[in-house]
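Once you've had a glance at the structure underneath, I'll fire off some questions.
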Amino acid sequence: MPSTWPGHTEHLARSDARLAPLVARYGPARPPLQRDRFRALAESILYQQLAGSAAAAISNRVKARYDGRFPDAEQLAGARVADLRACGVSPAKAKYLIGLGKAVHGGEVDFARLARAADEEVIETLTELHGIGRWTAEMFLIFSLGRADVWPVGDYGVRKGVQLLLGQKSLPATSRMQRVAEPWRPYRSAAAWYMWKSLDGAKEPGLR
């Protein structure tokens, strides 16, 4: 199976000796990519602040309501809050999902354009939508668009991985996170993947 970001293993192992054992242990980074852009964002909203199993159960109930398939933008644009509440979606998330459906169905969010846009432009566009913050936009960049150089400094798993890598007693500050990752450019997404992998029992957050 080919690597998502060709060349990253050699670069990361060479640029930072502390990463070399992780690269050797886990091999090339191969994050699962969700090519259904709308579903990637919608499920990222569903999964916010929930345990994976609980979020998956809610997602399955949403799919059951729509004949076993995750609803598309047009379907969510026409949904009622009560429809989603019946599936276990919180009132706030129901509004966010309907808003996302309307934005995509109405052309306010153009995934073809986003696929060609720079990383920061993607983040700016997505964070204008209610319910989507920078972390969600960064996960979209990594796990849906497959961007190679995203460094989610606010992600707990990435911060914890860097803490272990550095042998620190506490989570590193944002400024420290940025400095540590400078030599890892242009493959900081792969470095984040190794940080997640380095945590015992940790799972990639991904976009389901």
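The values are calculated or read from the model by the stated rules, or taken from the named source; none is laboratory data. As the structure is a computational prediction, the values presented were derived from the model and not from experiment. Methodologically, a virtual Cβ is constructed for each residue, glycine included, from the backbone with ideal geometry; neighbour enumeration extends over all protein chains shown.
What about A112, is it of a type in the set (G, A, S) and farther than 26 Å from R37 by Cβ?
No.
Please verify whether G106 is touching a Lys or Arg at 6+ places or on another chain (Cβ under 8 Å) and either modelled with pLDDT under 95 or under 20 Å from F140 (Cβ atoms) (or both), treating the condition exactly as stated. Give the derivation first.
Details: touching a Lys or Arg at 6+ places or on another chain (Cβ under 8 Å): no; either modelled with pLDDT under 95 or under 20 Å from F140 (Cβ atoms) (or both): yes.
In short, no.
Any chance region 85-107 includes a residue that's surrounded by 14 or more Cβ atoms within 10 Å (Cβ to Cβ), free of Cβ contacts under 8 Å to residues at least 40 places away in the same chain, on the phi < 0 side of the Ramachandran plot and basic (K, R)?
Within region 85-107 (the criterion being surrounded by 14 or more Cβ atoms within 10 Å (Cβ to Cβ), free of Cβ contacts under 8 Å to residues at least 40 places away in the same chain, on the phi < 0 side of the Ramachandran plot and basic (K, R)), the answer is yes, since at least one residue qualifies.
Here's a follow-up. Of (1) in a helix (DSSP H, G or I); (2) more than 30 Å from E182 (Cβ to Cβ); (3) not acidic (D, E), P21 satisfies all except one. Which?
Evaluating P21 over (1) in a helix (DSSP H, G or I); (2) more than 30 Å from E182 (Cβ to Cβ); (3) not acidic (D, E) leaves (2) as the failure.
Right, next: Tell me which of these A29 doesn't satisfy, since it passes every other one: (1) in contact with a Gly (Cβ under 9 Å, 6 or more places away or on another chain); (2) assigned to a loop (DSSP other than H, G, I, E, B); (3) hydrophobic (A, V, I, L, M, F, W, C).
Failing condition for A29: (1).
Report, by residue number, each residue of region 104-115 that is within 17 Å of I45 (Cβ to Cβ) and more than 20 Å from the chain's Cα centre (by Cα).
Within region 104-115, H105, E108 qualify.
Can you name every residue in region 120-148 that is under 13 Å from the mean Cα position of the chain (by Cα) and among the acidic types (D, E)?
Listed by number, the list holds a single entry, E138.
I'd like the full set of residues that are over 15 Å from Q178 (Cβ atoms), out of contact with any Pro (no Cβ under 9 Å at 6 or more places or on another chain) and at pLDDT below 95, limited to region 145-163.
Matches in region 145-163: Y156 only.
Quick one: which residue in G161, G131 is small (G, A, S), more than 23 Å from A17 (Cβ to Cβ) and either in a loop (DSSP other than H, G, I, E, B) or not assigned by TED's automatic domain parsing to the domain that holds A77 (or both)?
G131
Of all residues in region 134-157 being among the charged types (D, E, K, R) and outside any helix (DSSP H, G or I), which is farthest from P31 (Cα to Cα)?
Residues of region 134-157 that are among the charged types (D, E, K, R), as a first pass: 134, 138, 147, 149, 155.
In the following step, the residues that additionally are outside any helix (DSSP H, G or I) were identified as 147, 149, 155.
Details: R147: 11, D149: 14, D155: 16 Å.
Taking the candidates together, the pick is D155.
Further, regarding this structure: Which of the residues spanning region 103-121 are in contact with a Ser or Thr (Cβ under 8 Å, 6 or more places away or on another chain), of a type in the set (V, I, T) and not in a loop (DSSP other than H, G, I, E, B)?
none
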